[in-house]
Amino acid sequence: DVRWQDLRLDLQQKFGKRPDLNAILFLIGIQELGQGITEFTKEQKQDLMHIATCKVFSLSGFYELERIDEDGWPHYKSVKPIPPGHLKAQERMLKWHIVEYFDQLNEDYQL
């Protein structure tokens, strides 16, 4: 929980507003798409959040990148089921994966 709150504070400093879980997933989706920030339709925003969820869960082997389509959008396939759990447990697991994603991203871009 502390790492999650630290991540939110860090993102607040960068973007001027403390993002919630959905906003962070949206940011990860944009990062993974790699086409910059543009106008997205509602459906594309949902797709970006799905890409983000698959990407962060790929860190633990639940998903793997299957292909990049002709428009540059990544497509993932499920490799193993995410363990069932109540909503709070699933949210906690998602937050942990998001923190790991940003930790890995920061390691990749350190000079």
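Remarks
- Here the condition is being surrounded by 19 or more Cβ atoms within 10 Å (Cβ to Cβ), touching a Pro at 6+ places or on another chain (Cβ under 9 Å), among the hydrophobic types (A, V, I, L, M, F, W, C) and closer than 13 Å to Tyr101 by Cα; of Leu33, Leu27, it holds for Leu27 alone.
- Whichever residue in segment 1-15 is open to solvent by 60 Å² or more (accessible area, probe 1.4 Å), charged (D, E, K, R) and assigned to a helix (DSSP H, G or I) and, among such residues, is modelled with the lowest pLDDT: Lys14
- If you check Ile51, Ile82 for being free of Cβ contacts under 8 Å to residues at least 60 places away in the same chain, in contact with a Gly (Cβ under 9 Å, 6 or more places away or on another chain) and either closer than 25 Å to Arg8 by Cβ or part of a helix (DSSP H, G or I) (or both), only one passes: Ile51.
- As a summary of the residue check, Arg18 satisfies the conditions (1) surrounded by 12 or more Cβ atoms within 10 Å (Cβ to Cβ); (2) modelled with pLDDT of 90 or more except for the one numbered (2).
- Subset of segment 36-55 (residues that are surrounded by 11 or more Cβ atoms within 10 Å (Cβ to Cβ) and over 13 Å from the mean Cα position of the chain (by Cα)): Phe40, Gln44
- Residue in segment 58-65 that is assigned to a helix (DSSP H, G or I) and modelled with pLDDT of 95 or more present: yes
The values are calculated or read from the model by the stated rules, or taken from the named source; none is laboratory data. Just so we're clear, the structure is a prediction, and the values are computed from it rather than from any experiment. Cβ coordinates were reconstructed from backbone atoms using ideal geometry, including for glycine residues, and neighbour counts include every protein chain displayed. With ligands, DNA and RNA removed, areas are computed over all heavy atoms of the protein, side chains included. Shrake-Rupley method; radii C 1.70, N 1.55, O 1.52, S 1.80 Å.
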